[in-house]
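Since the structure comes first, as structure tokens, the remarks are kept for the end.
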Amino acid sequence: MPDRFALIHNPRSRRNLKADRHYLETARNMLGPMFYAPETAAALHETIEDLARQQVECLVVDGGDGTVGKVLSVLYASSYPNHNLPLIAVLPSGNTNLIAADVGFGLRGVEALQRLQDRASSKRLLSDVKQRQPLVVSWPGQERAAELGFFGGLGAFTRAIEIAHQPAILKNYAHDAAVFATFALTARQLLSPRLRQSWLNGTPVALGLDGNSAEIRDRFLFLCTGLQCLPHGIWPFWRPQGVSDHGISYLDVSARPEHLTKAIWNLVRGRAPGWIQASQSYQSGSAERIRVRTGQSFVLDGEVLETGPEQCLDITAGPVVSFLQA
């Protein structure tokens, strides 16, 4: 039973850029050598290996989705055994916090640290946890470390992220406003007669589910996740009757999908009426492994990942990770 924890604080996360001095002083005084603020990939690797040597069994990650993904990626390749990864408590402080919306600790700042300290002292850190399997993205035949995260996609999703990453949006909007601006710009392009067709024509992609071969065909949108809920009730996934959960929920939308506006209106509200499930334009389900072949980039938790010279990557359901709840 773990009775201590380490804090991995990302000083560059959006909400941490203006972290109050009292919180940082409290964290350093409370945790001493268990307070880490690695600012480079190499420093994060050193931090995780140091924690593995000390057999620290609980990591508090103070950052957004990108920070959580980087920590999980390093853990996956570290001295920690993948069948027994440390507990994770997510304090949402980033540009995007989809992970925290499902498995976040629910508190942040001094209040979160005091709650964790109380539970560690009374050996109750394990009293409330949620378990999830992150997506593991790897590149077959390439000597490249796997990347872990929880929400990914391509097609229109990649194009929308590229809009969101434009300097005019990143520099001039806070996150919530940036999301609104991205949706507004994307909607404008979809409504423009000149640009709408290029979006609807989709992107050539082959999706091989659980070892099955697949031909390349045009797809408007592909999304996948290891989470079990998203903010604001959005849940564009469903499983056909009799299909069990294999770790990865996915949505596959063909190019030029029928009734797109009506479908979006339903899916963003977490609804998949019978006509959507019966349509050949919309496919959803669960898989343990998905092989993707495409020339387009894949986006994982906001990070743009190139498919490489082979234009191929694998998405697999990763090891079980336990997330602490407040």
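The values are calculated or read from the model by the stated rules, or taken from the named source; none is laboratory data. Computed from a predicted model, the values in this text were never measured in an experiment. Note that we place each Cβ from the backbone using ideal geometry, even for glycine, and neighbour counts take in every protein chain shown. With ligands, DNA and RNA removed, areas are computed over all heavy atoms of the protein, side chains included. Shrake-Rupley method; radii C 1.70, N 1.55, O 1.52, S 1.80 Å.
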Which numbered condition LEU91 fails, given (1) free of Cβ contacts under 8 Å to residues at least 60 places away in the same chain; (2) in a loop (DSSP other than H, G, I, E, B): (2)
Checking LEU116 against (1) within 26 Å of PHE151 (Cβ to Cβ); (2) within 23 Å of the chain's Cα centre (by Cα): exactly one of these is not met. Which one? (2)
Condition broken by VAL61, with the remaining ones in (1) over 25 Å from ARG144 (Cβ atoms); (2) open to solvent by less than 10 Å² (accessible area, probe 1.4 Å) satisfied: (1)
LEU135 - would you say it is among the aliphatic types (A, V, I, L, M), open to solvent by less than 30 Å² (accessible area, probe 1.4 Å) and within 14 Å of the chain's Cα centre (by Cα)? yes
Scope segment 240-264; condition of a type in the set (Gly, Ala, Ser), at pLDDT 90 or above and over 15 Å from LEU200 (Cβ atoms); matching residues: SER244, GLY247, SER249
If I filter segment 104-116 for residues that are touching a Gly at 6+ places or on another chain (Cβ under 6 Å), open to solvent by less than 30 Å² (accessible area, probe 1.4 Å) and either within 19 Å of GLY302 (Cβ to Cβ) or modelled with pLDDT under 90 (or both), do I get at least one hit? no
Can you tell me how many residues within segment 137-164 are out of contact with any helix residue (DSSP H, G or I) (no Cβ under 7 Å at 6 or more places or on another chain) and assigned to a strand (DSSP E or B)? 6
Within segment 203-210, does at least one residue satisfy the condition of being among the charged types (D, E, K, R), over 21 Å from ALA317 (Cα atoms) and either open to solvent by 20 Å² or more (accessible area, probe 1.4 Å) or modelled with pLDDT of 95 or more (or both)? no
